[in-house]
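Contents: one structure, followed by commentary.
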Amino acid sequence: MEYKVVVVGVNHAGTSAIRTLLSQNKDHKVVAFDRNDNISFLGCGIALSVSGVVHNVNDLFYSDCDELERLGAEVYMSTEVVRIDTDKKEVIARDLKTGEERAVSYDKLIYSAGSWPVDFKVENRDLQNIYVCKLFQHASELIAKAGEPEIKSVAIIGAGYIGIELAEAYHQRGKKVTLVDLQERVVPAYFDKEFTDRLEKDIRLADVNLVLGARLTGYVGGSDGKVKQIVTDHGKFDADLVVQCVGFKPNTALLPKADKLENGALKVDATMQTSIPDVYAIGDAAAIYHAATGTYRHVALATNAVKGGVVAASQINGLKQVRLESITGTNAICVFGNKLASTGLSETAAVAAGLNVASSFYADNDRPEFMNDTEQVGVKLIYEKETLRLVGAQIGSYGETSHTECIFYLSLAIQKRMSLLELAMTDVYFLPHFNKPFNFIISAVLQALGLTYMKNG
Ligand SMILES: Cc1cc2nc3c(=O)[nH]c(=O)nc-3n(C[C@H](O)[C@H](O)[C@H](O)COP(=O)(O)OP(=O)(O)OC[C@H]3O[C@@H](n4cnc5c(N)ncnc54)[C@H](O)[C@@H]3O)c2cc1C
């Protein structure tokens with residue numbers, strides 16, 4: 001069956017949907033709009049470009065308008081969708097260069113308008129050299145600033161994964177970096193104290209000024225109109241450049257009647273359909289059923305965006321078995337010598353979500369001590385006290401080897417609602433080159449169950 005499909009927003013989610021739609025069925029008429037002038041920019045490479053690991057920021061694109069048009073889509077860039085009439089099944093889009101508006105009808109709408117960085121309304125926000133971090137355009141500015149000798153100090157607001165990565169990158173470029181967060185811990189949404197204490201110590205050892213529990217109240221500028229300091233309730237700190245990294249808000253104002261979370265994310269079912277007929281929402285605009293909480297959650301990750309595109313397109317193409325039943329928010333960060341991954345809920349987040357949980361933290365050498373070298377690894381499992389159902393896991397890997405990919409099977413365990421008793425009997429390999437007879441995850445499970453016979457330390 002062929003449809004007229006309109007796609008609103010063509011970045012990771014939209015690109016994935018268009019590619020899937022047209023590779024499965026070339027006969028659809030696909031019309032796509034994006035207000036930006038580029039497609040598929042990988043924000044994950046911004047900090048790596050600032051530090052110099054990525055030499056050419058243009059390498060961070062994996063698709064473009066031409067590719068999608070070759071597949072058969074009509075793509076209008078620099079064109080903003082300004083209204084969606086879901087009763088008439090019509091989209092109004094405005095060409096941002098000419099101001100001209102066009103109305104396009106649809107059979108199916110894929111809404112992939114993503115998110116935008118949260119900004120502060122604080123004193124002197126309009127000074128120069130204060131940025132948010134998302135687009136290729138931001139990346140170009142942030143990379144250029146790293147090379148300017150007059151930029152001596154950098155303040156990063158927000159110690160989530162983007163903020164810490166940028167703090168490390170500017171530190172590596174020789175800048176004096178201050179990293180500020182309102183919370184008392186870094187990456188508090190994903191990791192508990194067992195991991196954040198060590199990460200905070202390593203950030204400070206690198207001579208980054210880490211200021212936690214501090215609220216940004218404004219900026220101080222010079223006579224040149226450029227920022228010179230940030231002002232917090234913990235004092236003022238020098239900053240010739242500021243990057244605000246305090247989270248993302250879904251761009252969903254165009255669908256006022258749809259069911260949403262409080263932050264505006266559109267609730268979707270396992271087929272990515274919103275509460276409005278024939279309207280699918282994917283990527284950062286969507287809130288998906290979270291396996292750990294059993295509620296809808298907004299988890300802004302490219303992994304969810306790309307999967308959502310595959311699912312929405314497959315559903316439109318009649319492949320009804322392709323569904324996204326749940327997410328767990330699996331994520332990783334590699335900073336200041338800490339390789340960390342987490343999935344599901346941290347213990348703090350689980351308690352905040354009202355779950356009755358316990359946890360098991362296990363730290364050990366990764367390989368048997370009779371091997372020539374070993375590296376430290378830690379795992380924390382969070383589980384429901386009554387059912388022993390796994391609801392969260394964190395892995396810290398400290399050395400050359402990364403053990404973080406073990407998080408994938410723990411993510412699957414959460415999606416499949418497995419209990420620690422099932423996890424304990426997972427058939428994992430043992431090879432001295434790689435791990436111990438009872439690897440660190442199984443050991444953490446056994447510890448939680450009180451079945452420890454392999455002594456830790
Ligand atoms: C610095 C950084 C690092 C990241 N690192 C990682 C990582 O390592 N791993 C990971 O999984 N995720 C990472 N992410 C998150 C990831 O980039 C997002 O989850 C992803 O971009 C979401 O894709 P999306 O297509 O849903 O939304 P977006 O990327 O927000 O794209 C939405 C598109 O819609 C367009 N649009 C919006 N409104 C309209 C309108 N009215 N009309 C027309 N077009 C519109 C926008 O111009 C945009 O192109 C990172 C994000 C950033 C910013």
Exercise for the section: Please name all residue pairs, on different chains or six or more residues apart, with Cβ atoms under 7 Å, provided the first residue is in the stretch 130-157 and is touching a residue at least 60 places away in the same chain (Cβ under 8 Å) and the second residue is among the charged types (D, E, K, R) and within 16 Å of the ligand (Cβ to nearest atom). Expected result: Tyr131/Glu141; Val132/Asp119; Ile151/Lys145
Problem - Answer from Asp181, Asp233, Asp197, Asp202 - the residue that is out of contact with any Cys (no Cβ under 8 Å at 6 or more places or on another chain) and farther than 20 Å from Leu340 by Cα - result: Asp233
Fill in the blank from the handout: Note on the stretch 247-268: residues of a type in the set (Gly, Ala, Ser) and open to solvent by less than 40 Å² (accessible area, probe 1.4 Å) are Gly247, Ala258, Gly264, Ala265
Handout entry: Inter-residue pairs, beta-carbon under 6 Å, first away from the ligand (no atom under 12 Å from the Cβ) and in the stretch 109-129, second in a loop (DSSP other than H, G, I, E, B) and small (Gly, Ala, Ser), 6+ apart
Key = Gln128/Gly225
Handout entry: Search result, residues across the stretch 72-89 that are open to solvent by less than 50 Å² (accessible area, probe 1.4 Å) and assigned to a loop (DSSP other than H, G, I, E, B)
Key = Gly72, Ala73, Met77, Ser78, Thr86
Practice task
Would you list the strands (runs of 3 or more DSSP E) that sit entirely within the stretch 240-296 and hold 2 or more residues that are within 21 Å of the chain's Cα centre (by Cα) and farther than 22 Å from Lys4 by Cβ?
Solution key: 241-244, 248-250, 286-289
Handout entry: Verdict on Arg19 being closer than 24 Å to Val299 by Cα, assigned to a helix (DSSP H, G or I) and either basic (Lys, Arg) or not assigned by TED's automatic domain parsing to the domain that holds Glu101 (or both)
Key = yes
Practice task
Taking the options Ala300, Ala332, Ala305, name whichever one is within 15 Å of the ligand (Cβ to nearest atom), under 14 Å from the mean Cα position of the chain (by Cα) and open to solvent by 40 Å² or more (accessible area, probe 1.4 Å).
Solution key: Ala332
Problem - Any chance Asp238 is in the same structural domain as Glu141 (by TED's automatic domain parsing), surrounded by fewer than 17 Cβ atoms within 10 Å (Cβ to Cβ) and more than 16 Å from the ligand (Cβ to nearest atom) - result: yes
Practice task
State the number of residues belonging to the stretch 83-94 that are within 9 Å of the ligand (Cβ to nearest atom) and without any contact (Cβ under 8 Å) to a residue 24 or more places away in the chain.
Solution key: 1
Exercise for the section: Inspect the stretch 48-66 for any residue being near the ligand (Cβ under 7 Å from one of its atoms) and either assigned to a loop (DSSP other than H, G, I, E, B) or not basic (Lys, Arg) (or both) and give the result as yes or no. Expected result: no
Problem - Number of the condition not met by Ile414 [criteria: (1) outside any helix (DSSP H, G or I); (2) closer than 30 Å to Gly294 by Cα] - result: (1)
Handout entry: Test: residue in the stretch 274-294 that is more than 25 Å from Leu319 (Cα to Cα), more than 16 Å from the ligand (Cβ to nearest atom), in contact (Cβ under 8 Å) with a residue 40 or more places away in the chain and crowded, with 23+ Cβ neighbours inside 10 Å
Key = yes
Practice task
Would you mention how many residues in the stretch 335-359 are in a strand (DSSP E or B), crowded, with 17+ Cβ neighbours inside 10 Å and over 15 Å from the mean Cα position of the chain (by Cα)?
Solution key: 5
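The values are calculated or read from the model by the stated rules, or taken from the named source; none is laboratory data. No experiment lies behind these values; they were computed from the predicted model shown. As a convention, Cβ positions derive from the backbone with ideal geometry for all residues, glycine included, and neighbour counts pool all protein chains shown. Ligands, DNA and RNA are stripped out before the accessible areas are found, and what is left, the full protein with its side chains, is counted by its heavy atoms. Shrake-Rupley method; radii C 1.70, N 1.55, O 1.52, S 1.80 Å.
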